[in-house]
Amino acid sequence: MKMILLSSLLSLMLLSIQCEKDDTSKALPECLKDKISQLEKEDCPSVGQVLRYQFQEKTVYVIHPKNCGADLTSAIVDKDCNTLCQLGGIIGNVECEGVNFIDNATNEKQVYP
């Protein structure tokens, strides 16, 4: 009897873990979904990946282009798709709003693809 109860409890735990699957694409702001869709229609620069961070007490998204050019930069946008800065490029810019983005951005999470 204990084995049956233990098996049932274990099965319920596994089901609950599977139900908590994180679907980050649904959590993206609509403007970001639109921006990704628009960029994917272009030959270059299209979207390679999008990462979400916490930066200066706000959620920001880094839109990395696919590698299809010599001097591509990654756009940093807020939840309303306002561009805060561009990172990378030929000079290797790492500052956003006067702050070193790489040293100060936290909680990286890939949200696309």
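Of the candidates LYS41, LYS66, LYS58, the single residue that is basic (Lys, Arg), touching a Pro at 6+ places or on another chain (Cβ under 9 Å) and modelled with pLDDT of 50 or more is LYS66. Those strands (runs of 3 or more DSSP E) of region 34-100 in which 3 or more residues are out of contact with any His (no Cβ under 8 Å at 6 or more places or on another chain) and within 14 Å of TYR112 (Cα to Cα) occupy 58-65. Are any of the residues in region 5-24 outside any loop (DSSP other than H, G, I, E, B) and either modelled with pLDDT of 95 or more or touching a Cys at 6+ places or on another chain (Cβ under 8 Å) (or both)? Scanning region 5-24 turns up no residue that is outside any loop (DSSP other than H, G, I, E, B) and either modelled with pLDDT of 95 or more or touching a Cys at 6+ places or on another chain (Cβ under 8 Å) (or both).
The values are calculated or read from the model by the stated rules, or taken from the named source; none is laboratory data. Just so we're clear, the structure is a prediction, and the values are computed from it rather than from any experiment. Note: ideal-geometry Cβ built from the backbone for every residue, glycine included; neighbour counts use all protein chains shown.
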